[in-house]
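Peer 1: The structure under discussion is supplied below as structure tokens; questions concerning it will follow.
The values are calculated or read from the model by the stated rules, or taken from the named source; none is laboratory data. On a predicted model such as this, the values are computed, not experimentally measured, just so you know. Positions of Cβ are backbone-derived with ideal geometry, glycine not excepted, and every protein chain shown enters the neighbour counts. All accessible areas refer to the heavy atoms of the entire protein, side chains included, with ligands and DNA or RNA removed. Shrake-Rupley method; radii C 1.70, N 1.55, O 1.52, S 1.80 Å.
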Amino acid sequence: MTSATGTAALAAASLLPGCSSSASKGGKKAVCDVPLNISFQEGIAPGETLAEKLDFMENLGVVGFEPGGRGLKGRVTEIKEALNGRNIKVSAICAGFQGFILAEDPEVKNLFDTTMREIVEAAGELGSTGVIMVPAFNNQTPCKPHNMDTRNYLCEELHKLGEFAKACGTTVILEPLNRKEAFYMRLVADAAAIARDADSEGVKAMGDFWHMQEETSDYGALMSAGKQYLQHVHIASRGNRKMPGENGEVDNYVEGFKALQQLGYDKYVSFECGCGGDRATLVTAAVNLLRAQWEEAKSC
Ligand code: MG
């Protein structure tokens, strides 16, 4: 039964756009060759300075760095110099703007437009995969009502922002959250559908294994975005959002990793989490756990 189900899933996956599953001709090699590109947000690695953190990351084979967007314009030179000569690139930029895109108050919306575009410009200079954004957190009010007109408005505004990001050489990345934080957009498929309807190559979506507690399937969620829209992934332990592995058996990412491999996902899996003990020990253990599960996910 397990084998038959797996075969059916692979066959179905091979029909999805952008999917290089092992069921397709030559696909086996592609699935086996997809590397796990691990990225850290700035607070993850131990170290007093950025250089110390990057040294630690480099020793661990971490290849992506995800800084916060706040003040990014003033840090472009610092970050470029810190990464010079290293095998680490800027992955995504984590938010950092002010205001929000679905604000009722025009001043708050203007604040979003101004600060977001400044971060997008800096992200382009740094070669980032994109700037992560949430349309509206539950606590951001007054917010446009959750209805069809607002969805159309969101897509129109995202189109303009996406075209701006594309001109800067980067993207904006929609992040679905769990319902406690942002009821407006909770599923990877919904974020991807909004990105599609925004009709700009500069608008993408992402999945966060922590927030993906909303999903019925890690595999289905990530596969639903497809390679065309999936631009970033966040990861944390699945019980209390600490380092992967801190919550024992529930920290299983194999089904999600299978989807990433079958998609030929070539972006980053980035740590966004706290730490419940000795940082150097737990970060190292987490990286080793993810690498082991990435191998386990391979169907070849
Ligand atoms: Mg996240």
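Peer 1: To the nearest Å, what is the center-to-center distance of region 164-222 and region 86-132, using C-alpha atoms only?
Peer 2: 15
Peer 1: Continuing with the same structure: Quote the relative contact order of region 34-297 in percent (integer), defining contacts as alpha-carbon pairs under 8 Å separated by 6+ residues. Before the final figure, lay out the partial values.
Peer 2: Values: 551 pairs, mean separation 46.8, N = 264.
It rounds to 18 percent for region 34-297.
Peer 1: Still on this structure: So what are the three principal axis dimensions of region 34-297 from its Cα atoms, in whole Å, longest to shortest?
Peer 2: 48, 43, 32
Peer 1: Now, a different point. Of all DSSP beta bridges located in region 120-246, what percent are antiparallel, nearest 5?
Peer 2: Working: 0 of 10 bridges.
Taking every DSSP beta bridge within region 120-246, about 0 percent pair in antiparallel fashion.
Peer 1: Protein chains only, probe 1.4 Å: how do Glu48, Glu215 rank by accessible area, largest first?
Peer 2: Greatest to least solvent exposure: Glu48, Glu215.
Peer 1: Can you give the local net charge around Val76? Use residues other than it whose beta-carbon is closer than 10 angstrom to its beta-carbon, Lys and Arg +1, Asp and Glu -1.
Peer 2: On the way: positive: Lys73, Arg75, Lys80; negative: Glu78, Glu81, Glu121, Glu125.
Within the 10 Å Cβ shell, the charges total -1.
Peer 1: Apply the membrane-span-like helix rule to the chain: whole DSSP H runs, Cα extent along the own long axis of at least 18 Å, mean Kyte-Doolittle hydropathy at least -1.0. List the helices found.
Peer 2: On the way: long enough: 106-125 (29 Å, -0.39); 148-167 (29 Å, -0.66); 279-297 (27 Å, 0.18).
Once both thresholds are applied, what remains is 106-125, 148-167, 279-297.
Peer 1: Now, a different point. Which of the listed residues, Ile235, Gly202, Phe137, is farthest toward the dipole's positive end in region 34-297, when Lys, Arg count +1 and Asp, Glu count -1 at the beta-carbon?
Peer 2: Gly202
Peer 1: Below 11 angstrom from the Cβ of Val203, what's the summed charge of the other residues (Lys, Arg +1; Asp, Glu -1)? Don't skip to the end; give the middle numbers.
Peer 2: Details: positive: Lys160, Lys166, Arg196, Lys204; negative: Glu157, Glu163, Asp197, Asp199, Glu201.
Overall, the nearby charge balance is -1.
Peer 1: Calculate, in whole percent, how much of the Cα-Cα pair population of region 66-143 lies beyond 20 Å. The partial results should precede the final answer.
Peer 2: On the way: 1038 of 3003 pairs.
So the portion of pairs separated by more than 20 Å is 35 percent.
Peer 1: With a sphere of radius 11 Å drawn around the Cβ of Asn252, what net charge do the other residues whose Cβ falls strictly inside it have (Lys, Arg +1; Asp, Glu -1)?
Peer 2: Details: positive: Arg238; negative: Asp218, Glu249, Asp251, Glu255, Glu296.
My count for the surroundings of Asn252 gives -4.
Peer 1: Could I ask something else about it? Run through the DSSP bridge list for region 34-297 and note the antiparallel percent, rounded to the nearest 5.
Peer 2: Beta bridges within region 34-297, antiparallel portion: roughly 5 percent.
Peer 1: Further, regarding this structure: Accessible area, 1.4 Å probe, largest first: how do Cys32, Cys155 sort? List each step's numbers first, then the result.
Peer 2: On the way: Cys32 45, Cys155 10 Å².
Heavy-atom accessible area, descending, gives Cys32, Cys155.
Peer 1: Taking amide H positions as placed 1.01 Å from N in the peptide plane, with prolines and chain starts having none, which residues 5 or more places from Ala92, or on another chain, fall under 5 Å of its amide H?
Peer 2: Thr129
Peer 1: Percent of accessible area on region 34-297 owned by carbon and sulfur, 1.4 Å probe? Let's see the in-between values first.
Peer 2: On the way: 5110 of 10800 Å².
C and S atoms contribute 47 percent here.
Peer 1: How much area per residue is accessible in the chain when the probe is 1.4 Å and only protein heavy atoms are counted (Å²)?
Peer 2: 44
Peer 1: Which percent of the Cα-Cα distances in region 36-170 go past 21 Å? Display every interim value, and only then the final one.
Peer 2: Details: 4139 of 9045 pairs.
Summing the P(r) of region 36-170 above 21 Å gives 46 percent of all pairs.
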